[in-house]
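Undergrad: Sharing a structure with you now.
The values are calculated or read from the model by the stated rules, or taken from the named source; none is laboratory data. Just so it is clear, the model here is predicted, and its values are computed rather than measured. Quick reminder, even Gly has a Cβ in these numbers, built from the backbone with ideal geometry, and neighbours come from all protein chains shown.
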Amino acid sequence: MRPTSPRTSIGRNAPALYFDLPVLVLLMACWFTVSVAAAHLITGLALSAMIVIHLLTRPARLLRPGKAVRLAAYVPLALLAIGMTITGLLRWAGVPPQQAWHAILAYTLLPAALVHAWLVRRALLRRTTRRAR
C-alpha cells in the first residue's frame, strides 16, 4: 500500500455521497428557499462552503500540464460560484436587486452545473458506487 497525503486520500477514496452530491442538493435547496430569506442565506453559505470543499477534494491531476481544457471547464463554474456568493452577500447587505446580479448568475450557474455534472458523470458514478475496503 503506497502512502498518500490526507488531501489526496480524501480526493480519491471519499464517496461522492460526502462531497459531490451535496453540492447539487444544496444548489437545488437554494432555488427552493428563495422565498424565505434566512433559509436562502443559510443554504447559500452552506453551498459556498461545500463548493470549496468539493474543489479541494479534486485530484491534483486537474492541474497537471496538458489538462488546460479540463481546467478551463472548472474556471467558469468557480467564477460563477464566487459571483453568486458575492452578489448574495450584497443582496443580504441591502443592495437593490437591480445593482446586484444575483438572479442572472443563478440562472447561469444552474445549467452550467448540470452540464458539468453530465460531463463528469462517469467519475461521479464510480465514486458513488465504490465500496469501502
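Undergrad: Just checking, how many residues over segment 87-106 are surrounded by 11 or more Cβ atoms within 10 Å (Cβ to Cβ) and not hydrophobic (A, V, I, L, M, F, W, C)? Write out each step before concluding.
TA: Our first condition is that a residue be surrounded by 11 or more Cβ atoms within 10 Å (Cβ to Cβ); within segment 87-106, this holds for 87-92, 95, 97, 100-106.
Filter once more, so that each one left must be not hydrophobic (A, V, I, L, M, F, W, C): 87-88, 91, 97, 102.
Total meeting the criteria: 5.
Undergrad: Exactly one of these conditions fails for VAL25: (1) surrounded by fewer than 16 Cβ atoms within 10 Å (Cβ to Cβ); (2) closer than 21 Å to VAL115 by Cβ; (3) modelled with pLDDT under 80. Give me its number.
TA: Here VAL25 meets the rest and fails (3).
Undergrad: Here's something else I'd like to know. Might you check whether a residue that is out of contact with any Leu (no Cβ under 8 Å at 6 or more places or on another chain) and not in a helix (DSSP H, G or I) occurs anywhere in segment 72-90?
TA: no
Undergrad: Considering only segment 71-86, state which residues are more than 14 Å from the chain's Cα centre (by Cα) and surrounded by 11 or more Cβ atoms within 10 Å (Cβ to Cβ).
TA: If the condition is that a residue be more than 14 Å from the chain's Cα centre (by Cα) and surrounded by 11 or more Cβ atoms within 10 Å (Cβ to Cβ), then LEU71, ILE86 are the ones that fit.
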